[in-house]
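Novice: Please find one structure pasted underneath; my questions will follow.
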Amino acid sequence: MEERDKVQKEHGDDFEGVRESLPDDETLYDLAELYKIFGDTTRVKILYILFTGEMCVQHISELLSVSQSAVSHQLRILKGARLVRFRRDGKTVYYSLADDHVREIIECGMEHILE
């Protein structure tokens, strides 16, 4: 009996159901890419700062004690991943979390590591 047949026999009808329930490869790739964004401590700190509401690059930079250039670079990545949004007020750009899902992702991760 082939290995696949053994597995299918062990799991019965659930085996094919599991296969069918898997999202397509492109969707899983996009999900993996999203989680890669959270792999940088500076980006996670920026997201935590934005929990309090919108903030400009200068203030984020001061809070993190890093250059405005470094903050802008990380914000571009976060914006590209649709995790933050921005609004312009004259020459100043204010950033905020894109939606409540961003907060939930971080809070869920924090809850998990603190268990």
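Novice: Restricting attention to segment 81-99, does a residue exist that is assigned to a helix (DSSP H, G or I) and assigned by TED's automatic domain parsing to the domain that holds Gly109?
Specialist: For segment 81-99, residues assigned to a helix (DSSP H, G or I) and assigned by TED's automatic domain parsing to the domain that holds Gly109: absent.
Novice: Of (1) at pLDDT 95 or above; (2) surrounded by 10 or more Cβ atoms within 10 Å (Cβ to Cβ); (3) over 19 Å from the mean Cα position of the chain (by Cα), Arg85 satisfies all except one. Which?
Specialist: (3)
Novice: Suppose the filter is among the aliphatic types (A, V, I, L, M), at pLDDT 95 or above, closer than 26 Å to Gly109 by Cα and in contact with a Phe, Trp or Tyr (Cβ under 7 Å, 6 or more places away or on another chain); does Val44 pass it?
Specialist: Taking the combined requirement at face value, the residue satisfies it.
The values are calculated or read from the model by the stated rules, or taken from the named source; none is laboratory data. Owing to the predicted nature of the structure, the values given are computational and were not obtained by experimental measurement. Note: ideal-geometry Cβ built from the backbone for every residue, glycine included; neighbour counts use all protein chains shown.
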